[in-house]
Every structure is written in structure tokens, then in C-alpha cells.
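Participant: Handing you this structure, nothing more for now.
The values are calculated or read from the model by the stated rules, or taken from the named source; none is laboratory data. Keep in mind that what you see is a predicted model, and the values were worked out from it rather than measured. Here the Cβ is made from the backbone with ideal geometry for all residues, glycine too, and neighbour counts use every protein chain on show.
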Amino acid sequence: MRVGRIGIFGGTFDPIHLGHMIIAEQVREELRLDSVVFVPGGIPPHKEASSVRANAEYRVAMVEAAVEGNERFTVDRVEVDAGRPMHTVDTLPILKERVPGGEWYFITGADEVSNLLSWKEPDRLLEETIMVAATRPGYDLAALGHLEARLRNFDRIVPVECSRVDISATAIRRRMLQGKSVRYMVPDGVYEIIEDRGLYEGDGKRI
Ligand code: ATP
């Protein structure tokens, strides 16, 4: 039986938005992935814990709502359930153990990949997985060139041209604080959760 090509899409997803959905779908298609596993981060090691606004359960619920109805997209709670900051290089072996023989692709925006040297053990990470750099407005793939001389496994970074969607979670949170609409910037089910739970409203306190 063919085990398949699996994309892992890690992120804070605070909240998940159409920029995320579009790169997941277009990378899946371009690289002929069989499935994409969304992995919401618990306590992100590279972001200030206090900068994450919605708690992990709400972020997971929003990712679950976003992937609903797409049988190729699933959600994995490994990082949220760990209850401690997890680095991608440590998360991947756990996920890979569950599907022996899979071919692994870690999906990121080009902005994240250009910071790869600040990630834990980037060369070992690139041994664990191919790293996909999806285009993102404002980030030039040429900017990845500086990594070439610094990473042994640079050739395991694969750029994928995606529709450029200028949406960020930061912009969504900012609009919410300003009382502006974020409808259609996020999948409908995510919008409903944001509205029902009153996420991202108010004085900027953690929710
Ligand atoms: P924030 O604004 O809070 O930093 P974000 O919108 O960048 O959040 P994350 O959850 O941090 O969202 O992103 C997860 C991954 O998705 C990262 O690799 C990021 O580069 C990528 N990404 C996010 N938004 C886009 C977008 N609009 N286009 C392409 N890639 C994106």
C-alpha cells in the first residue's frame, strides 16, 4: 500500500485565515500531497507567549472548523497537548512515527523560511522533512538565497508559487480591536466562532 506524501502545516493560527487555506490547498495540489495535517502550536517557542491572543482550545476549534468538509485536511493536537513549547524538529519525529514510510513536507510561508537559521537545528530539520516555502506578499523568494551558503541541506527547501493573499492573523486581530469586519478574511465556520465567543474583541487581553 502506498503510504503517501504528507504535508505538515504548523502555525499559531491565531486565527487561521484564508491565506493559510489557500497555501495549504495550492501546495497540496502542486506537490501532489495526499493529505495536509494542520498542527496548531501550543506555546510557540519563537513568539512571546503573551502575544498569542486566543487560547489553544479556541485556536484548535477554529482550525477544525476551517478544515471541515475537506477530507484531505486534518488537524493534529500534538503540540497543544504537549503543554510546553515544541520545536518543529522535535514535533516531526512524533508525527512521522505515526505514519511509517510517509514522505514529509513541512509547509511554511516564505517569511518563516527566510528566518530558518533562528529555528532549532535547521540542518537536522531539513533531514527530517522537505521544507516548502510558499510565496507570501512582501516576501521575495530570492531572499532565501542567503541560506544557501549556511545550510548543508539547502536543496531541501522547495519554493512553491501560490496566489498571493495579503492577509495575516495580526491584521485580523487589529481589525477586530478596531471593531472592523473580518468576514470573508476567514472561513465562515471560523468567523462564526470568532463572533459567538467574542474572540479578539476588547482591550487586547489574552482570551
Ligand atoms: P501573525 O500575523 O500572528 O504572525 P500569521 O498570519 O503569519 O500570524 P501563522 O499562524 O504565524 O500566521 O502562520 C503559519 C504559517 O503560515 C507561517 O509559515 C506563515 O508564513 C504562513 N502564512 C500565514 N499567512 C500567510 C499568507 N497570507 N500567505 C502565505 N503564507 C502565510
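Participant: Determine the pairs where a residue that is touching a residue at least 60 places away in the same chain (Cβ under 8 Å) and part of a strand (DSSP E or B), located within the range 155-170, has a partner that is of a type outside the set (Phe, Trp, Tyr) and surrounded by 19 or more Cβ atoms within 10 Å (Cβ to Cβ) with Cβ atoms under 6 Å apart, the partner being 6 or more residues away or on another chain.
Facilitator: Between residues of the range 155-170 that are touching a residue at least 60 places away in the same chain (Cβ under 8 Å) and part of a strand (DSSP E or B) and residues that are of a type outside the set (Phe, Trp, Tyr) and surrounded by 19 or more Cβ atoms within 10 Å (Cβ to Cβ), the close pairs are Val158/Val132; Val160/Val27; Val160/Val132; Val160/Ala134.
Participant: Pairs needed: first member in the range 79-98, farther than 13 Å from Pro40 by Cβ; second member anywhere, among the basic types (Lys, Arg) and part of a helix (DSSP H, G or I); C-beta distance under 8 Å; at least 6 residues apart or different chains.
Facilitator: Hits for this filter: Val89/Arg124.
Participant: Taking the range 1-26, which residues are touching a residue at least 40 places away in the same chain (Cβ under 8 Å), near the ligand (Cβ under 10 Å from one of its atoms) and either among the hydrophobic types (A, V, I, L, M, F, W, C) or assigned to a strand (DSSP E or B) (or both)?
Facilitator: Phe9, Gly10, Phe13, Ile16, Leu18, Met21, Ile22, Ile23, Ala24
Participant: Go through the range 111-146 and give me each residue that's aromatic (Phe, Trp, Tyr) and either assigned to a helix (DSSP H, G or I) or closer than 13 Å to Ile157 by Cα (or both).
Facilitator: If the condition is that a residue be aromatic (Phe, Trp, Tyr) and either assigned to a helix (DSSP H, G or I) or closer than 13 Å to Ile157 by Cα (or both), then no residue fits.
Participant: What is the one condition in (1) of a type outside the set (Phe, Trp, Tyr); (2) at pLDDT 95 or above; (3) near the ligand (Cβ under 9 Å from one of its atoms) that Asp111 does not satisfy?
Facilitator: The number of the failed condition is (2).
Participant: Any chance the range 56-73 includes a residue that's of a type in the set (Gly, Ala, Ser) and either without any contact (Cβ under 8 Å) to a residue 40 or more places away in the chain or closer than 18 Å to Glu128 by Cα (or both)?
Facilitator: yes
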